[in-house]
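Since the structure comes first, as structure tokens, the remarks are kept for the end.
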Amino acid sequence: MRWDHLADDPTHTNQSPSTALFAADSVTTRTFDSPEFRGITFHEVRARSIVNRVPGASRMPFEWTVNPYRGCTHACVYCFARKTHSYLDLDTGLGFDSQIVVKVNAPELLRRHLGSRGWHGAHIAMGTNVDCYQRAEGRYRLMPGIVEALRDHANPFSILTKGTLVLRDLELLKQAAEVTEVGVSMSVGFVDEELWRTVEPGTPSPARRLDAVRTLSDHGLDCGVLMAPVIPFLGDHPDQLRATVRAVAAAGATSVTPLVLHLRPGAREWFTAWLARHHPHLVRRYERLYAEGAYAPKWYQRRITGYVHELAEEFGIGPSRQAAARRVPRRPVPAPDAGPTQLTLL
């Protein structure tokens, strides 16, 4: 297993993979007896960096990300991030769901990075690889320190999550929204309970996620919904799409943005194996639909997007606006004392 590039100590870079894995000052492996963590192994590492640049060829609408975890106990069978576990010689199937890498020094690394002379306050996206509010966050509590650092530096950021644990940090998010742009989005691809239990077994239910959207909105933090993924032949029936958009609107979401399932290497193999077990009659249909690569054909994506946008207009919501300003009221700024004036960057 290749852990050396996640360690603080540069002397580990020339060690063998197995030696780097067990170096006491590089990786600490833990298991916990509590029911919510049974069968899960946590690898605590001290990372050398935490702010990552998105590759130029990526379709993502942002340039910088922060990911305090690798692997995810949400165990979504379609998760595109599964391939990243192979970079550490970890299994991309059950290993991705149960071998969680925790960057325990993420908050301090981020604070140091935001204060460096070379950083100019670009937008930072979180939850775009694995969920930063997965169950592990309940124990490790990395996000409060991360949000505090972003707040203190007035650095714009966004969070995408399926985790209702985001409500724990509601006050911190409100404080950050007073000084910078904060985007919060909940991922809810469907409201079908049977489909949820089979494809997203480690996540809060869609109903609980939409309750979280309502709570965020009630506290002045407008929350959009990424309707992702829309799963072909299982979650794309017009009645299913209508039910989902209706529920999203009822939760008070400010926007709904559909995204059709994409199957990158790593995720494709795991999802196809799941499909063969649970819906074998669909395997050939998926092979034809995704014959050209990781993404469904443009005509299919346009059909889903167009219908969801029609439903959104019907129910009074619209497409997402990246990093939209929050509507949390700002605190009054006291009048400055008489004396020399200091210029501000904000």
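Data table
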quantity: Packing rank of 28-36, 260-268, 46-54, where each peptide gets the mean count of other beta carbons within 10 Å, highest leading; calculated: 260-268, 46-54, 28-36
quantity: Nearby lysines by direct alpha-carbon distance to K174 (threshold 18 angstrom, same-chain neighbours under 8 apart not counted); calculated: none
quantity: Eligible aspartates and glutamates near K103 by straight Cα distance, threshold 15 Å, same-chain separation 8 or greater; calculated: D4, D8, D9, D25, E44, D131, E137
quantity: By average C-beta atoms within 10 angstrom, highest first, the peptides 194-206, 276-288, 63-75; calculated: 63-75, 194-206, 276-288
quantity: Probe 1.4 Å, protein heavy atoms only - accessible area per residue of the stretch 268-312 in square angstrom; calculated: 63 Å²
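The values are calculated or read from the model by the stated rules, or taken from the named source; none is laboratory data. Computed from a predicted model, the values in this text were never measured in an experiment. Counting neighbours? That spans all protein chains shown, and the Cβs are built from the backbone with ideal geometry, glycine included. Heavy atoms of the whole protein, side chains included, go into the accessibility calculation; ligands, DNA and RNA do not. Shrake-Rupley method; radii C 1.70, N 1.55, O 1.52, S 1.80 Å.
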